[in-house]
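> Take this structure, written in structure tokens, and hold onto it; I'll ask about it next.
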Amino acid sequence: QVQLVESGGGLVQAGGSLRLSCAASGNIFSINAMGWYRQAPGKQRELVATMTSGGSTNYGDSVKGRFSISRDNAKNTLYLQMNSLKLEDTAVYYCNLFRGGRLYWGNGTLVTVSS
């Protein structure tokens, strides 16, 4: 089994910053990729950022230049640094892990950006 636990969500003012964390545990050997996705009410889930095992990153167009994905392999933790937050960034953010042809998801953490 694989368990993903997100943390760091909360209320932040527009223009502010927030860092999300995703702690992975269980059978997490040979991870192919990890990433962050988000879903706002009434909208489809969208890509925020991904990172392969080799460190290659990919970002959604709406967050490029503002968000940064990183990881701490020793702690089995994935991070998402969010800067210059906008109202439209309000969403539930989900951590994702791809391994052995399967996708694993955390339960999400809510980020609310206020004016």
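> Here are some residues: Asn73, Asn58. Which one is free of Cβ contacts under 8 Å to residues at least 60 places away in the same chain and either touching a strand residue (DSSP E or B) at 6+ places or on another chain (Cβ under 7 Å) or among the hydroxyl-bearing types (Ser, Thr, Tyr) (or both)? Before you say what the answer is, go through the steps one by one.
On the way: Asn73 fails: either touching a strand residue (DSSP E or B) at 6+ places or on another chain (Cβ under 7 Å) or among the hydroxyl-bearing types (Ser, Thr, Tyr) (or both).
Only one candidate qualifies: Asn58.
> I would also like to ask the following. Look through Ser30, Ser25, Ser21 and report the one residue that is over 21 Å from Arg102 (Cβ atoms), among the hydroxyl-bearing types (Ser, Thr, Tyr) and out of contact with any helix residue (DSSP H, G or I) (no Cβ under 6 Å at 6 or more places or on another chain).
Values: Ser30 fails: over 21 Å from Arg102 (Cβ atoms); Ser25 fails: over 21 Å from Arg102 (Cβ atoms).
Testing whether each residue is over 21 Å from Arg102 (Cβ atoms), among the hydroxyl-bearing types (Ser, Thr, Tyr) and out of contact with any helix residue (DSSP H, G or I) (no Cβ under 6 Å at 6 or more places or on another chain) leaves just Ser21.
> Which strands (runs of 3 or more DSSP E) does segment 1-88 wholly contain that include 1 or more residues that are open to solvent by less than 70 Å² (accessible area, probe 1.4 Å) and within 16 Å of Gly106 (Cα to Cα)?
Working: elements: 2-7, 10-13, 18-26, 31-39, 46-52, 57-59, 67-72, 77-82.
Once the strands (runs of 3 or more DSSP E) in segment 1-88 are filtered for at least 1 residues that are open to solvent by less than 70 Å² (accessible area, probe 1.4 Å) and within 16 Å of Gly106 (Cα to Cα), what remains is 2-7, 18-26, 31-39, 46-52, 77-82.
> Given the condition without any contact (Cβ under 8 Å) to a residue 60 or more places away in the chain and either outside any strand (DSSP E or B) or surrounded by 14 or more Cβ atoms within 10 Å (Cβ to Cβ) (or both), answer yes or no: does some residue in segment 103-114 qualify?
No, because not a single residue in segment 103-114 is without any contact (Cβ under 8 Å) to a residue 60 or more places away in the chain and either outside any strand (DSSP E or B) or surrounded by 14 or more Cβ atoms within 10 Å (Cβ to Cβ) (or both).
The values are calculated or read from the model by the stated rules, or taken from the named source; none is laboratory data. If you're wondering where the values come from, they're calculated on a predicted model, not measured in any experiment. Virtual Cβ from ideal backbone geometry, glycine too; neighbours counted across all protein chains shown. Accessible surface areas use protein heavy atoms only, side chains included; no ligands, DNA or RNA. Shrake-Rupley method; radii C 1.70, N 1.55, O 1.52, S 1.80 Å.
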